[in-house]
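Below is one structure, written out as structure tokens; comments come after it.
Here, each number is a calculation from the coordinates, and none is a lab measurement. A quick note: this is a predicted structure, and the numbers were derived from the prediction, not measured. Here the Cβ positions follow ideal geometry from the backbone for every residue, glycine too, while neighbour counts run over all protein chains shown.
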Amino acid sequence: MKKNKQFYLGIDISKPFFDVSVLAVTQTAKQEMQTAQFGNDASGLRLFAKWLTGLGVSYDENSLVVIENTGIYHRPVWNFCSSKNLPIHIGNAAHIKWSLGITRGKSDKIDSIRLCEYGYRHREELKCTAALNPVFLQLKDLMTNRTRLMHHLTSLKSYLKELKGVSDKSFISVQQRCNKAVIAGLKKSIGLIDAEIKKLISQDKQILTNYQLLKTVPGIGHWIAIYLICCTRNFSNGITGKQLACYAGVVPFEHSSGISIRGRNRVHKMANKDLKKLLHLGALATLKYYDEFKQYYSRKKEEGKHSMSILNAIRNKIILRAAAVVQNQQPYVNYSANNV
């Protein structure tokens with residue numbers, strides 16, 4: 001940012017409204033923080049724009065908006081910032097909360113003030129989030145919808161299967177007839193969503209390009225490629241392979257302290273569990289279809305490594321290669337099958 005007047009905006013967003021705190025800084029001199037509340041809708045955003053104009057907030061690199069990822073409720077503010085070219089950082093709620101240290105008291109206004117102060121303190125390291133892409137959001141919503149339907153379908157099938165061991169055949173037949181339409185409906189809905197997902201991918205050139213590049217990586221198929229695109233906002237923030245691997249929970253960290261704790265290296269429990277499951281299936285597929293991974297697995301097994309430790313290493317390799325092909329915008333090429 002330039003060394004003239006700068007503005008830091010912290011916005012705490014809920015479903016009906018959002019609270020805003022604005023800190024103006026001239027050189028190193030902080031001015032009094034301004035706060036307000038607006039409706040989280042079109043009319044509220046219009047009032048918000050007028051309020052910012054009255055404060056003299058500039059819609060350029062001299063301003064920075066900081067919000068937490070709320071799932072869907074932050075999208076109107078994100079769209080507003082994208083349309084106005086107002087730099088915005090959408091942060092992880094847990095990361096922001098822990099960085100604040102010990103805090104006392106909580107309200108929407110207080111949270112917006114804390115977000116504002118967080119933006120000012122970390123202004124040199126925060127990366128601006130890419131502008132809102134409607135096609136990407138539709139793709140992400142379809143994937144979320146598909147995941148929920150798949151969970152319902154799997155749960156229902158599992159329940160009917162378990163009944164076979166404890167109920168008589170006549171009652172099982174009744175249950176199957178009662179749920180036949182539901183199962184058929186879920187399968188049909190999932191099929192329709194799959195068709196819409198393929199259509200959306202073909203509509204956005206950047207998403208299609210990254211999707212095709214990801215599929216060249218061994219172990220990455222249709223659904224893993226789409227899930228990676230959704231998790232990384234189509235790799236828009238320049239996420240590295242190591243960062244993505246940490247997010248997926250496939251990076252082992254040291255666990256020791258002084259002379260009292262001497263634990264083995266372990267992955268962290270905070271991870272995207274769904275992505276980790278998909279990568280596990282991808283790792284198993286590489287052992288079946290790719291000689292380089294078969295040889296790698298056999299070699300590590302002979303060295304005494306645990307099977308899950310080897311599979312975790314393969315998951316890590318898949319992630320690193322996925323980030324590399326997108327970063328380089330080049331398909332994956334296996335130059336040496338013996339050098340894994």
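So the values come out like this:
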item: Normalised convex hull volume, the range 226-328, alpha-carbon set, Å³ per residue; result: 122 Å³
item: Tilt relative to the chain, helix 291-302 - C-alpha long axis, 0 to 90 degrees, to 10; result: 80 degrees
item: Taking all pairs of distinct alpha-carbon atoms in the range 130-260, Kirkwood radius in angstrom; result: 18.0 Å
item: Note, ³J(HN,Hα) from phi for the range 142-150, Karplus 6.51, -1.76, 1.60, rounded to Hz, x at Gly and Pro; result: 5, 5, 5, 4, 5, 4, 5, 5, 5
item: Radius 14 Å from Cβ of Gly191, net charge of other residues (Lys, Arg +1; Asp, Glu -1); result: +3
item: Length released on extending from Asn145 to Asn179, taking residue separation times 0.36 nm less the Cα-Cα span; result: 10.2 nm
item: Model label zone, Leu100; criterion: amide N under 16 Å from point 7 Å along Cα-to-beta-carbon; scope the range 114-131; result: 114-122
item: Placed amide H near Thr216: partners under 5 Å, 5+ positions off or other chain; result: Tyr332
item: Formal net charge of residues neighbouring Pro218 (Cβ-Cβ distance under 14 Å; K, R +1; D, E -1); result: +4
item: Part-to-part distance (alpha-carbon centres) for the range 1-30 and the range 41-96, which is given in Å; result: 10 Å
item: Principal-axis tilt of helix 205-214 within the chain, Cα atoms, nearest 10 degrees; result: 40 degrees
item: Spin-label pair Gln327/Lys164, simplified geometry with 7 Å Cα→Cβ offset, distance in nm; result: 4.8 nm
item: Computed magnitude of the charge dipole of the chain (debye, nearest 20; Cβ of K, R +1, Cβ of D, E -1); result: 1000 debye
item: Cα-based equivalent ellipsoid of the range 5-121: semi-axis lengths in Å, sorted from largest, via gyration tensor; result: 19, 18, 13
item: Estimated FRET transfer efficiency (Glu125, Lys294; beta-carbon r; R0 35 Å; 0.05); result: 0.25
item: Residues whose placed amide H lies under 5 Å from that of Val65, excluding near-sequence neighbours; result: Leu9, Ile88, His89
item: Whole-angstrom Cα spans of the chain along principal axes, big to small; result: 69, 55, 49
item: Sequence-separation-based contact order of the range 134-203, relative, with Cα cut under 8 Å and 6+ spacing, percent; result: 58 percent
item: At R0 = 25 Å, FRET efficiency that the Cβ-Cβ distance of Thr35 and Val135 yields, to 0.05; result: 0.10
